[in-house]
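Okay, so here's the structure we're looking at.
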Amino acid sequence: MSHIKNLIHEVHRRSLWQVLSIYAAGSWVVLGGVDVLAGVLGLPDWADSFAFFLLIVGLPIVLATAFVQEGMTTREIEPEPQSLADIGEIPPGPPPNASGPRRFLTWRRAILGGMGAFALLGILTAGYLFMRTAGIGPAATLVAQGVLDVRDPILVAEFQSSSGDSILARTVTEAFRTDLVQSPVVTVVQPAQAAAVLQRMERDPTTRLDPDVAREVALREGMKAIVTGEVNSAGAGFLLTAHVVSVSDGSTLVSRSETARDLDAVIDAMGALSQSVRERLGESLRSVNGSPRLSAVTTGSLEALQKYEEGVRAIEQDRDRDRAIALLEEAVAIDPGFAYAWRKLGTELGNAFRPRSQWVDALTRAYEGRDRLTDYERYRTVAMYYTRVTDEPDEAITAYENAIRECPTCMGSRNNLALVYNSVQDFERAEELLREEAALDTTSSLHYRNLVSNLVRQSKLTEADSVWEVTRRRFPDQPQLESIALRTVRNDWEGAEAVLLESIRPGEERLYLRAAMATLRGRLDEAEAILVRDLAEREARNQNGHGRARFLADLDIFLRGDPQRGLQSIERHLRSHPVEELDVLDRPYLSLARRYLEAGQAGRARDLIAAYEAEVLPELGQTAPDELLRSRADIAQAEGRHDEAIALILQAEGGRCTGRCYQLARAYDLAGQRDSAIAVYDRSANQLGLAAWWTSDRFELAPTYERLGQLYDEIGDLENSAKYYAMFVDLWVGADPVLQPRVEAAQTRIEEIVAERG
């Protein structure tokens, strides 16, 4: 005990605690400075560790020096500086008569040793950085050596697993690819691009991209390197390995490994592995060190990432959207902050026509978590939010353009941006984007079909025919709906119906589309029978049938001329399925308001619009979305305020309607502005039925043709009058008896015009 007491006494007497405090503060400053330099200059990872090691080694030297030097006599104590000129000078060495430890352990030697050690660190770091960028020695990057050029394409093969765990292998592959996409040095080839190459090679595009297949694809496309990898069990943990392999000779250019102590550590290990590979490829250390961790831009849960990967595979390879949605829902349930999965889930919910509330919620959650995404995915998420949730096309365009700049070869962004440009009637720009997308991705029929619709809208029918022929040959088992548009634009209604029936695969019924076509052709009884069956089947599956119920009622309200019967049908449905039971965003207040207006019940329509403004609008976070402006226009029109109605419709259309403009044409018509009505009806007639004949067109196309025949007749333009009357008759030639008087009247007038003109 006496020895311990003496030691404590000596420590206090010799002020070692003060020296230790000063050294700790200085070490903190040094490590902070190294960290700052690492961020600014991009120092290698080992620079921090080396600095820490030097400080640890220096600590006992400093303490020993303090211990020894504190014991010197007053004559031996180093003098205090007497002037500013003395400050910063290295303290003098030991007195001449000093011996033993006092002669060796001096502050002069300690300071010079520390300076020398950190000078060595600087020299080693500078040398490493020079060799790295000059392409010399083991530190050289592939870009510096000339093996790769900046932005060269690189293909990631599916990682292998010695245990046969294919799900884990696919998951770590997805994780590696996601992190590698952040690198500005290489362009990561997306799976869809590889599938397109396989298709051109006359191979199954769903072929597993193992190292051999990946190299074959890369050879065909002239790529210089691929990445292969393995995930193998190592006791309770895993060993993750990645190799950059030369395509030309199969040699390994780079090989890196990381270990994960267990499944929960796999994502962080994969992120570290990817960043190590990125560094050797040629990405600056500053960029690598500054990029967010993989778990920060995806998810920290391997299980959630596995569910996501399975969901993507279900939709892209198996085309099983219901299963994909279920898997994505499991992913976000495991990690509610998994923005990557929320975006995909919201997209698929929308594509599956699920209730609006569901996909709005998913896309909103993705948007709120956008900071947990890579730059590319963040831009796509923001764009989807502005497109589907807030309806801000200008913001969506900016976001999609940023996404394309971030990843020029990634699929989907151009197609989605084209749809936004279509929505603002910039069809030429949309066409450019769709052609670019088709050149990048030959495995999906989506952008080809969108291009056909776009060309039809521009009346480029010959080009549309050509694109459709390519589409039909490449994707013979895909939906043929765009082929229907090519026939409807030429008034080939029989051919359009034949294509629809031929496109129905065994086991499918496509009741909604069949009902839409029957309605378009005026066969309302047939459409009603189909809808009754469809509604009953949806009820049996406990699915929302409000849309089908309104469709059924619309046959009476808009075409049979019996709005009261239609309203009774709607009200029967609402008694058993109250609107209040739906999520707020799914309540069809505005849709119902329009139907009550058609039945002459303006008061009830106003109540429904007010309910929308009080309940739905606050949830949307918008002041006046287009659908609300249109409903207000309907009210104004019903009350005879036609100029106000026209102004509201134009506001909803962004100042000028250039597409499907039936509502605006009708407003001009009711206002007595015949010339404007003819112009807009004519424009509308050239768009209705082309790419969305199964939506509101089914009720608007025939009345548009009929009214144009009448209006041209009124101004004495008998040629155009006969043309539109004939189009009306062709469309409704087989219509139900209740509609035949209108068809017969048009046919009679055609005969009179022919007689008048000789």
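The values are calculated or read from the model by the stated rules, or taken from the named source; none is laboratory data. Small disclaimer: the values here were computed from a predicted structure and weren't measured. Methodologically, a virtual Cβ is constructed for each residue, glycine included, from the backbone with ideal geometry; neighbour enumeration extends over all protein chains shown. Each accessible area value is taken on the protein alone, full model and side chains, heavy atoms only, with ligands, DNA and RNA left out. Shrake-Rupley method; radii C 1.70, N 1.55, O 1.52, S 1.80 Å.
Things worth noting here:
- ASP556 without any contact (Cβ under 8 Å) to a residue 40 or more places away in the chain, among the acidic types (Asp, Glu) and either crowded, with 17+ Cβ neighbours inside 10 Å or outside any helix (DSSP H, G or I) (or both): yes
- Per the listing TYR385, TYR421, the residue uniquely modelled with pLDDT of 90 or more, under 13 Å from the mean Cα position of the chain (by Cα), open to solvent by 20 Å² or more (accessible area, probe 1.4 Å) and over 23 Å from VAL172 (Cα atoms) is TYR385.
- Test for ASP210: is it of a type in the set (Asp, Glu) and in contact (Cβ under 8 Å) with a residue 24 or more places away in the chain: yes
- For GLY621, the conditions (1) over 28 Å from ARG510 (Cα atoms); (2) without any contact (Cβ under 8 Å) to a residue 60 or more places away in the chain are fulfilled apart from (2).
- Among (1) over 34 Å from the mean Cα position of the chain (by Cα); (2) at pLDDT 95 or above; (3) buried (at least 16 other Cβ atoms within 10 Å of the Cβ), the one test that ALA610 misses: (3)
- Helices (runs of 4 or more DSSP H) enclosed by the range 600-674 - at least 1 residues per element that are touching a Cys at 6+ places or on another chain (Cβ under 8 Å): 642-652, 662-670
- Listed by position, the helices (runs of 4 or more DSSP H) enclosed by the range 138-257 that each have at least 3 residues that are more than 27 Å from GLY290 (Cβ to Cβ), out of contact with any Ser or Thr (no Cβ under 9 Å at 6 or more places or on another chain) and acidic (Asp, Glu) are 211-221.
- Candidates in the range 278-305 are the residues that are of a type in the set (Asp, Glu) and part of a helix (DSSP H, G or I); of these, the one that is surrounded by the most Cβ atoms within 10 Å (Cβ to Cβ) is GLU279.
- Residue satisfying all of: in the range 258-277; touching a helix residue (DSSP H, G or I) at 6+ places or on another chain (Cβ under 8 Å), part of a helix (DSSP H, G or I) and of a type in the set (S, T, N, Q); farthest from ALA225 (Cα to Cα) among these: GLN275
- Some residue of the range 394-409 being farther than 24 Å from VAL312 by Cβ, assigned to a loop (DSSP other than H, G, I, E, B) and open to solvent by 30 Å² or more (accessible area, probe 1.4 Å): no
- Criterion violated by ALA633 - all others in (1) open to solvent by 10 Å² or more (accessible area, probe 1.4 Å); (2) without any contact (Cβ under 8 Å) to a residue 40 or more places away in the chain; (3) over 20 Å from HIS546 (Cα atoms) satisfied: (1)
- In this entry, GLY566 is excluded by the filter for residues that are within 35 Å of the chain's Cα centre (by Cα) and open to solvent by less than 30 Å² (accessible area, probe 1.4 Å).
- Pick from the range 424-454, criterion among the small types (Gly, Ala, Ser) and outside any helix (DSSP H, G or I), ranking: surrounded by the fewest Cβ atoms within 10 Å (Cβ to Cβ): SER445
- In the range 566-585, the residues that are farther than 16 Å from VAL616 by Cβ and part of a helix (DSSP H, G or I): GLY566, LEU567, GLN568, SER569, ILE570, GLU571, ARG572, HIS573, LEU574, ARG575, SER576
- Among the residues of this structure, ALA194 counts as one that is aliphatic (A, V, I, L, M) and open to solvent by less than 10 Å² (accessible area, probe 1.4 Å).
- Failed condition for GLY600, given (1) in contact (Cβ under 8 Å) with a residue 24 or more places away in the chain; (2) at positive phi; (3) under 33 Å from the mean Cα position of the chain (by Cα): (3)
- Hey, GLY346 surrounded by 24 or more Cβ atoms within 10 Å (Cβ to Cβ) and part of a helix (DSSP H, G or I) or not: yes
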